[in-house]
Amino acid sequence: MKGCYLTRPKDFARVHSCSKWSGTALIGIKSCSNGLGVETRYGLIVSKRVGGAVERNRVKRRLREISRQLRPVEGMDILLSARTQAAQVDFETLKASVVVSLQRRNLLAEND
């Protein structure tokens, strides 16, 4: 799923208006059907509250890698919003938090 990310502000706004936030203490999730068939796209939100540029970029890199490793249901746009504590945890803890959040919303394929 190389390059399957939300980049345009209107796409972020559409997903924002489509559903309510849910998630864990480390990650927030919103999702919406995108009408693109089998393509699932991710949008990453890491605010300045998470930390300085180094910490924010580390969290974004980790979230991109997690999104590459997981197999979500097809045809969805998913926003992943890092919460403040996301910069203080290791990769595996952050991944587990994302998996739990996606499973709660039934956004992971059955094999994961």
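The values are calculated or read from the model by the stated rules, or taken from the named source; none is laboratory data. Because the structure is a prediction, the values reported are computed rather than measured. Quick reminder, even Gly has a Cβ in these numbers, built from the backbone with ideal geometry, and neighbours come from all protein chains shown. Ligands, DNA and RNA are excluded from the accessible area calculation, which covers all protein heavy atoms including side chains. Shrake-Rupley method; radii C 1.70, N 1.55, O 1.52, S 1.80 Å.
Within segment 73-109, list the residues whose amide N lies under 20 Å from a label point set 7 Å along Cα→Cβ of LYS48. Only 81-88 pass the distance filter. Taking the protein heavy atoms of the chain in the context of the full set of protein chains, the accessible area attributed to carbon and sulfur is 50 percent at 1.4 Å.
Summing Lys and Arg as +1 and Asp and Glu as -1 over all other residues whose Cβ lies under 13 Å from the Cβ of LEU94 gives a net charge of +3. Over the residues of the chain, the helix contribution to mean residue ellipticity at 222 nm works out to -11500 deg cm²/dmol, using -39500 (n - 2.57) for each DSSP H run of at least 4. Note on the chain: GNM, Cα springs under 10 Å; of ARG41, ARG64, ARG49, the largest mean-square fluctuation is that of ARG49.
Take ASN57 and CYS32, extend 7 Å from each Cα along the Cα→Cβ direction, and tell me the distance between the two endpoints in nm. It works out to 3.1 nm between the two label points. Accessible surface of VAL38, taken over heavy atoms with a 1.4 Å probe and every protein chain present, rounds to 100 Å². Taking label positions 7 Å along the Cα-Cβ direction at both ASP90 and LYS20, the computed distance is 3.5 nm, reported to one decimal.
A DSSP coil position with no more than 14 other Cβ atoms inside 10 Å describes the following chymotrypsin sites (Phe, Trp or Tyr not before Pro) in segment 12-61: TRP21.
Quick one: of the DSSP bridges fully inside the chain, what percent are antiparallel, nearest 5? In the chain, approximately 60 percent of DSSP beta bridges are antiparallel ones.
Take the Kirkwood radius over Cα pairs of the chain, plug it into Stokes-Einstein at 20 °C and 1.002 mPa s, and you get 154 µm²/s for translational diffusion.
Would you rank ARG68, ARG105 by solvent-accessible area, highest first, keeping every protein chain in place and using a 1.4 Å probe? Spell out each step's value before the answer.
Details: ARG68 140, ARG105 65 Å².
My answer, sorted largest first, is ARG68, ARG105.
No disulfide-compatible partner, judged by a Cβ distance under 4.7 Å, exists for the following cysteines of the chain: CYS4.
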